[in-house]
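So the structure is just underneath, and the comments pick up after that.
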Amino acid sequence: MTQPRTVIEGAYVATVDIAGTEYTSGHVVIDGREIVAVGAGPAPDWATADASRQVTRIDGTGHLLTPGLINTHHHLYQWLTRGLAQDAILFDWLTALYPTWSRITADTVGAGALGGMAVGALSGCTTMGDHHYVFPRGSGDILGSIVAAADDLGVRLHATRGSMDLGASQGGLPPDFAVETTADALQASADAVARFHDPEREAMVKIAIAPCSPFSVTADLLRESAVLARSLGVRLHTHGSETVEEDAFCLERFGRTPTEYLDDLGWLGDDVWMAHCVHLDERAIARFAATGTGVAHCPSSNARLAAGIAPVPQLLAAGVPVGLGVDGSASNESGQLGTEIRMSVLVNRLRAGADGMSGRSGLHLATMGGARVLGRDRELGSIEVGKLADLALWKIDGVEHAGIVDPVAALTLGAQPPLTLLLVDGRAVVRDGELVRVAEREVARGVATAVETLLGA
């Protein structure tokens with residue numbers, strides 16, 4: 001069967017390939033799910049001359065075309081608890097919210113996940129990374145509800161089967177009702193991989209194994225999770241070096257920094273990515289670089305919780321893979337990945353100076369950087385022939401951006417432009433600023449009902 005073809009012409013194309021190639025007025029041709037041509041000027045004649053093929057032509061004049069954005073760290077269930085504990089640091093924020101999270105169910109999480117991912121898609125995000133680690137007894141098929149929400153919306157999902165087994169009675173931060181046994185967590189992780197993980201390059205759903213953090217997980221669970229993930233051929237994810245309090249916890253309890261502790265347990269490698277990494281010293285950065293360990297940079301959440309500014313310019317200079325993350329929407333009430341590009345550029349200039357991070361570096365974090373962090377840089381993250389057609393077409397000729405000298409700056413330094421089109425696997429998820437496959441009003445109503453159910457329980 002001949003695949004449908006989509007031809008986009010006339011847009012400013014930022015490919016984010018290894019050379020940083022850009023076309024002032026370029027074209028992209030898509031056959032089915034794959035990019036088959038990229039270049040300057042109009043599309044070649046062959047792209048529209050095949051009478052046997054359904055061809056959709058899109059006029060990209062007045063637009064910026066980029067790869068779809070990749071969110072490397074989120075907690076979608078937290079979409080249900082936005083606006084709470086507004087002025088707390090991380091440990092106090094977690095302590096305040098654990099009792100509420102103990103009441104989540106598959107139904108409420110599914111509604112919240114759909115809302116959180118819908119906002120992400122409307123901000124240009126085509127791949128969502130979610131770290132879920134709270135599984136109350138009797139809560140139902142929570143992970144299944146997140147996978148179903150991504151399928152309904154039409155986005156790629158990098159879900160994790162997270163876990164906590166170090167309760168307060170054992171010296172951990174989470175209350176005992178929020179943790180599982182080590183054995184149960186490992187079995188559930190293996191089951192999640194068997195049920196949902198797709199190893200193929202075109203996969204819409206992949207699973208990683210993700211014990212939550214050094215202050216909520218035992219060394220046994222960390223060590224055995226690493227062994228399990230590698231035996232199953234999936235990636236590993238956790239939080240690391242997020243706050244000074246976490247550093248103090250690890251030094252007091254283990255006599256090691258978070259990086260040293262995780263390294264001892266087999267948690268550095270090119271199949272691992274860690275969220276935040278705000279408090280990394282030069283030695284830790286060197287270990288991340290030597291092992292290929294990735295970082296999910298979450299600037300808005302780090303600011304919201306006063307955690308600090310991650311040393312992203314130093315990480316990039318060392319060759320560490322770095323992507324962007326929204327983080328839990330209870331610690332970043334926006335939920336938009338597109339705005340994290342600008343935030344990452346601005347906060348890192350506060351730390352490293354005006355030339356510490358360019359706008360294009362921020363775009364790279366959100367696209368190729370994220371693809372590399374998730375182990376998908378061969379198929380996602382840039383606009384190149386042979387890659388999957390995950391693309392964002394941003395309108396930059398409206399009142400907010402018209403006349404801007406650099407179209408890329410409209411996205412990386414300006415207000416987030418409206419989305420004319422978001423393609424995932426070559427299929428439209430957003431068109432003219434509206435979700436294509438789900439009704440926004442119904443999504444919003446579902447979120448409001450779920451919040452009312454959760455907070456009223």
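The values are calculated or read from the model by the stated rules, or taken from the named source; none is laboratory data. Source: prediction; values computed, not measured. Cβ coordinates were reconstructed from backbone atoms using ideal geometry, including for glycine residues, and neighbour counts include every protein chain displayed.
Summary of values
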item	result
Of all residues making up the stretch 4-18, the number that are in contact with a strand residue (DSSP E or B) (Cβ under 7 Å, 6 or more places away or on another chain) and acidic (D, E)	1
Condition met for G140 (part of a strand (DSSP E or B), at pLDDT 95 or above, more than 20 Å from E442 (Cα to Cα) and not β-branched (V, I, T))	no
Matching strands (runs of 3 or more DSSP E) fully within the stretch 225-306 where at least 1 residues are modelled with pLDDT of 95 or more and at positive phi	272-276
Qualifying positions in the stretch 387-409 - part of a helix (DSSP H, G or I), in contact with a Phe, Trp or Tyr (Cβ under 8 Å, 6 or more places away or on another chain) and more than 20 Å from I70 (Cβ to Cβ)	P407
Failed condition for W93, given (1) part of a loop (DSSP other than H, G, I, E, B); (2) out of contact with any helix residue (DSSP H, G or I) (no Cβ under 8 Å at 6 or more places or on another chain); (3) not acidic (D, E)	(1)
Residue in the stretch 358-369 that is surrounded by fewer than 23 Cβ atoms within 10 Å (Cβ to Cβ), under 19 Å from L65 (Cβ atoms) and of a type in the set (V, I, T) present	no
Test: residue in the stretch 413-435 that is β-branched (V, I, T) and surrounded by fewer than 21 Cβ atoms within 10 Å (Cβ to Cβ)	no
